[in-house]
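Contents: one structure, followed by commentary.
Computed from the coordinates by the stated procedures, all read-outs in this text should not be read as laboratory data. Nothing here was measured: the structure is a model prediction, and the numbers come from that model. So basically every Cβ, Gly included, is an ideal-geometry build from the backbone, and we count neighbours across all protein chains shown.
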Amino acid sequence: MKTTKPRIEPLAESEWTEEEAKLLSRYKNNDHEFGSGAVYNVIGTLANHWEAYKKFGVWGNHVLGKTSTLEPREREILILRIGWLCQAEYEWGQHAVIGKAAGLTDEEVERIKEGPDAPGWSAFDATLLRATDELHADAFISDATWNALAEKYSKHQMMDVVFAVGQYNMVSMALNSFGVQLDDGVKGF
């Protein structure tokens, strides 16, 4: 973690307005093995800026899969890679769990840290990793990588690659800068 304590504390349940309680109570992390009954730290932290949080949630729900055109496993490769590149340990920890649920193996999750040239990736998985690296380094996908993605992906999927990496680059910046700490039971790097 870049900080040992939050710079912005998660909004305490005792501070929630009625509107906040209605929405935030759905995000308690009691639905998996790491559940503590508390709202995920990322949700509680972002809730401090309620109007921004409500808008952010709509876009985040698209990118995380509600209407995204990407297969969940492929989306998680993108998210984990940008989380690693940004050294966003909270992001990594949460999406390692989500990625495994989406079909990534423990070995693949660890190999994401090594990038597109690590042995063992399919050509397309390596292309997803390369696209993430290029977006992170240059804010641009090279023609070679773009063309390799386009062999499999539709126009909407190509757009969703950029949207996913861009969204989670911003999320990583927020998590790191706000000092969002790992949720109970979630492993970091």
Volume per residue that the Cα convex hull of the chain spans, once the total is divided by residue count, Å³: 116
Cα-based radius of gyration of segment 1-112 once divided by 2.2 N^0.38 Å, which approximates compact folds: 1.13
Aspartates and glutamates with Cα under 15 Å of LYS187, excluding same-chain neighbours fewer than 8 positions away: GLU33, GLU89, GLU91, ASP106, GLU110
Gain in span if fully extended, MET170 to LEU23, counting 0.36 nm per residue against the direct Cα distance: 50.7 nm
Estimated vicinal HN-Hα couplings, Hz - segment 151-164 in sequence order (Karplus 6.51, -1.76, 1.60; Gly, Pro = x): 5, 10, 9, 7, 4, 5, 5, 4, 5, 5, 4, 5, 4, 5
The chain: angle of helix 89-101 to the longest principal axis, Cα-based, in degrees nearest 10: 70
Angle between the chain longest axis and helix 72-85 axis [Cα atoms, degrees, rounded to 10]: 80
SER154/THR4 FRET efficiency (R0 41 Å; Cβ-Cβ; nearest 0.05): 0.40
